[in-house]
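These notes are about the structure you will find just below.
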Amino acid sequence: MRELSIDIETYSSVDIGKAGLYKYVQSQDFEILLFAYCFDDEPVQVIDLTNGEQLPKELVTALSDKNIIKTAYNAVFEWYCLNKYWSSPIEQWRCTMIKGLYCGYPAGLKAIGDAIGLSEDKKKLLTGKALIRYFCVPCKPTKTNGNRTRNLPKHEPEKWNLFKEYNKQDVITEREIKRTLDRVQFPENEQKLWELDVKMNAFGVKVDKDLVVGALKIANIRTEQLLTEAQEISGLNNPNSISQLKDWLEIETGNEVTSLNKKDVPELIKNTDSEKVKRMLEIRQELSKTSTKKYDAMQVAMGEGNRVRGLLQFYGANRTGRWAGRLVQVQNLPQNHLEMLDFARELVKNQNLDAIQLIYR
């Protein structure tokens, strides 16, 4: 069976690290810049889509041909990006990264290249992060760059040619890694699990947008209330500053305060007779809570249909093969034992802070 090795370079204004692959691709300004590929052991070709070049008919046909296996490192990236424009069923794909994790190698193209001992000429262009930062993400507008928010090939033709070589070299490196990994048989059931994982992540989980917005709005209002109260008590410019609060506490109590960590604050509250100090420490406790962080993550990662996609990483722990959480980290969601939960949700969605404080304080 023929194999098609693929590596693409893309652009999107969405931060893939914070929002995830799926929202990154769903961005209206997402585009594929370069498409490097080769069939079997043939020479690698690079298609410059920014320069008006188009995928050859043979390549477009191959993307959906069940008799041609598509391979890539972290193949879900190529698969999801390409399926925005062309059809390519996930069952026809094989992921070199997942097989590497199955074999006990680290994640990351350079990391696995180092681990299996690739020669320097085969990994010499793996340090292309600077090129990716230049062409694949928005840039800060300055007087020097004419206040543009994106770098295009015309702005640095030499860098662009180097980027094309980098794209080409990635396919060569990935192909070499695959040859090494082909010494190990990847179980069919693991392949099927990976395919299921890709489909689950692409489908995503529905999120109650009104609840997320309401929770964050209430959290912001409450934070402002607490900071105002803390300023009135202490006179501090920024009572949320650890250093400022430590200095104030030491003056008020006459004792050295070495830590304001979550586990230390209750003991400090227990050992003070000052109502001012006690209240400041209580405010510190409330301000340091991370209970709304998952709402922040949901809002950032929420994409089409109010769904969060890419929540799990197959073989995230490569020694055991277990899934790892990503973005919202759903694997460590706390159990909820709140009575009248539906009522509480409605209060949050309606941003009724007064009722929440009255009922649940």
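Every number here is computed from the coordinates shown, using simple stated rules; none is lab data. Bear in mind that the values here come from a model prediction, so they are computed numbers and not experimental data. Heads up, the Cβs are rebuilt from the backbone with ideal geometry, glycines too, and the neighbour counts pull from every protein chain shown.
Where in segment 227-255 does the amide nitrogen come within less than 15 Å of the point 7 Å from the Cα of Glu275, taken along Cα to Cβ?
Within reach of a label on Glu275: 233-234.
What Kirkwood hydrodynamic radius, in Å, does segment 215-287 give when the mean of 1/r is taken over all pairs of distinct Cα atoms and then inverted?
On the way: mean 1/r = 0.0800 Å⁻¹.
This gives a value of 12.5 Å.
Report the local net charge at Val207: Lys and Arg +1, Asp and Glu -1, summed over other residues whose C-beta lies under 14 Å from its C-beta.
Summing Lys/Arg as +1 and Asp/Glu as -1 gives +4.
For each of Lys293, Lys270, Lys178, count neighbouring Cβ atoms within 10 Å of the residue's Cβ, then give the residues from fewest to most.
With the sparsest Cβ surroundings first, the list reads Lys270, Lys293, Lys178.
State, as an integer percentage, the relative contact order of the chain based on alpha-carbon contacts under 8 Å between residues 6 or more apart.
Once normalised by length, the contact order is 18 percent.
If you add up the charges near Glu158, with Lys and Arg at +1 and Asp and Glu at -1, over every other residue whose beta carbon is less than 14 angstrom from its beta carbon, what do you get?
Once positives and negatives cancel, what remains is +1.
Taking the Cβ of each residue in Ile132, Ile356 as the centre, tally the other Cβ atoms inside 10 Å and list the residues starting with the fewest.
Ile132, Ile356
So, counting K/R as plus one and D/E as minus one, what does the shell of residues with Cβ under 15 Å around Pro187 add up to?
After counting each charged neighbour, the total is -1.
Return the subset of Lys206/Lys349; Lys57/Lys99; Lys206/Lys294; Lys18/Lys209 for which the Cα-Cα distance in this structure is over 21 Å, preserving the input order. Display every interim value, and only then the final one.
On the way: Lys206/Lys349 16 Å; Lys57/Lys99 30 Å; Lys206/Lys294 14 Å; Lys18/Lys209 18 Å.
Long pairs (Cα-Cα over 21 Å): Lys57/Lys99.
Go ahead and estimate [θ] at 222 nm for the chain from helices alone: -39,500 (n - 2.57) per DSSP H run with n ≥ 4, summed, over the residue count, rounded to 500. Let's see the in-between values first.
Values: 17 runs with 175 residues, N = 361.
That comes out to -14500 deg cm²/dmol.
Among the complete DSSP H segments of the chain, which ones combine at least 15 Å of alpha-carbon extent along their axis with a mean Kyte-Doolittle hydropathy of -0.5 or more? Can you show the working numbers first?
Values: long enough: 157-181 (36 Å, -1.37); 188-203 (23 Å, -0.93); 209-234 (37 Å, 0.12); 242-253 (16 Å, -0.31); 275-287 (18 Å, -0.97).
Going by DSSP H runs, the hits are 209-234, 242-253.
Quick one: Cα centre-to-centre distance for segment 127-202 and segment 27-48, in angstrom?
10 Å
Would you mind ranking Cys139, Cys38 so that the residue whose beta carbon has the fewest other beta carbons within 10 Å leads the list?
Cys139, Cys38
Roughly how far apart, in whole Å, are the Cα centres of segment 64-119 and segment 339-361?
46 Å
What number, in percent, do you get for the relative contact order of segment 57-147 if the mean sequence gap of Cα pairs under 8 Å and at least 6 apart is divided by its residue count?
20 percent
Taking GluC sites (Glu not before Pro) as candidate sites, keep only those in a DSSP loop with at most 10 other Cβ atoms within 10 Å, then name the longest stretch of the chain containing none of them.
Within the chain, the longest run free of exposed GluC sites (Glu not before Pro) spans 1-255.
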